[in-house]
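For reference, the structure discussed in these notes is given below.
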Amino acid sequence: MPTVLEHPSHMLATASGTLVTRRGSALQTLPRRQAYWIAGQVGAASLTAILALWTLQPEIALTLSLAAGAASVNPKRLWAVPVVATGVTLVGLFCYAMAWPVVIGAGAAAGALATWQIPHRTDWLDYINNALATLTGSSIGLWLASLLVPEALPIGAVAVMTAGVVGIVSSFGLLPSALRFDTPTLPSIRKIRGTLRALYRPPVFKAVDLYRRSVRTRIPDTDQRRGLAEVATWVYHLQVSLQTLDRELDAIDVDSIEKRIDTAEATDSDDEFTRERRLAAAAHLRRLLENRDTIRIERDRTEALVEYALAFLEEARAGLIVARQLPGEAVPDRLGEVLDRLRSQARAGDARRRTAREMAAS
């Protein structure tokens, strides 16, 4: 029998018990984006060394490497690479023309434009925080490189090592926005449309919209953000289960099965074997109808959980508006209770599934 709730393979339980996605969290994707940054910066530095630019104009070469690093943080947005690279380079060249420290201007531009590429929701404060952090990181990185990288090495090695040190430190400029808005990624519009038929999509769209509006109203703390996101994600998985259950119910034609039962039980064959098999078939069909009743109950429970989760998200949205006006209010105050109910239902579904497997094996 289909399970009402299942823990999807791409979700993990954190220490606090909150389910979060393996992909999408700003903090969880930070190391990968830093690696892209460092790789892009080192690659560009190697190219400038080959072209002798690092020897002739090291500051401009460093600017180009920072531009490449910032442009590499999100490989999925290839169209943004020339925009970011050009923006950082122009700022660096402007600082060079004004005889200002190039690493400061290019570092600030790299932090701001790298933030623009991040798929998570950001605002002006994130741009400022990341720009200042990258500016500081680039300056510190260049200072460390001047201490750690021996000048006697070949120019190519100097370029790679310097860019690597600067890239490692400056890439931490993405950390402020990741800390400020670390939240799981909700099901995307494409995923919702790809897995749910049109009839089952509206509750999920509503849940996602309520979550986003709640966060825009007032950014809660990390636990509240994750909790609200989990409730919205449960609505999606509940709707997937609901769709599956409805499909199973539609596959069992009650009228047709009842007619088959009546026909089988009304047999007047003189052959004992024929009578026994037809009566046995009728018994199986009756159990099929009983299973359908059980599926119907599970279907109604799933639908009730969807309504329960949506009602809570609506209440939380209104409560956050109240909390914005009355800062002393603590909302959503029943988040833990809602999550406990959703998780308990998931655990119950797991137990039913394990029991069914054990009975089938025996």
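Throughout, read-outs are computed from the coordinates displayed, never taken from laboratory work. On a predicted model such as this, the values are computed, not experimentally measured, just so you know. Note that we place each Cβ from the backbone using ideal geometry, even for glycine, and neighbour counts take in every protein chain shown.
Ordered by the number of other Cβ atoms lying within 10 Å of each residue's own Cβ, fewest first, Glu303, Glu230, Glu151, Glu314 fall into the sequence Glu151, Glu314, Glu303, Glu230. A simple charge model with +1 on the Cβ of Lys and Arg, -1 on the Cβ of Asp and Glu and nothing else charged puts the dipole of the stretch 26-180 at about 480 debye relative to its Cα centre. Normalised by the number of residues in the stretch 26-180, the average gap of Cα pairs under 8 Å and 6 or more apart makes the relative contact order 28 percent.
Across the stretch 265-276, rounded Karplus estimates of 3J(HN,Hα) from the backbone phi angles (6.51 cos²θ - 1.76 cosθ + 1.60, θ = phi - 60°) give 6, 8, 5, 10, 5, 7, 7, 5, 4, 4, 4, 5 Hz, Gly and Pro being marked x. Footprinting exposure proxy ranking of Glu337, Glu248, fewest other C-beta atoms within 10 angstrom first, gives Glu337, Glu248. Taking 56 Å as R0, compute the FRET efficiency from the Cβ-Cβ separation of Ile189 and Ala266 and round it to 0.05. About 0.55, to the nearest 0.05. Directionally averaged projected area (the stretch 90-149, Cα convex hull): 4.7 nm². Each Lys or Arg adds one and each Asp or Glu subtracts one; over the other residues with Cβ under 12 Å from the Cβ of Asp300, this totals -2.
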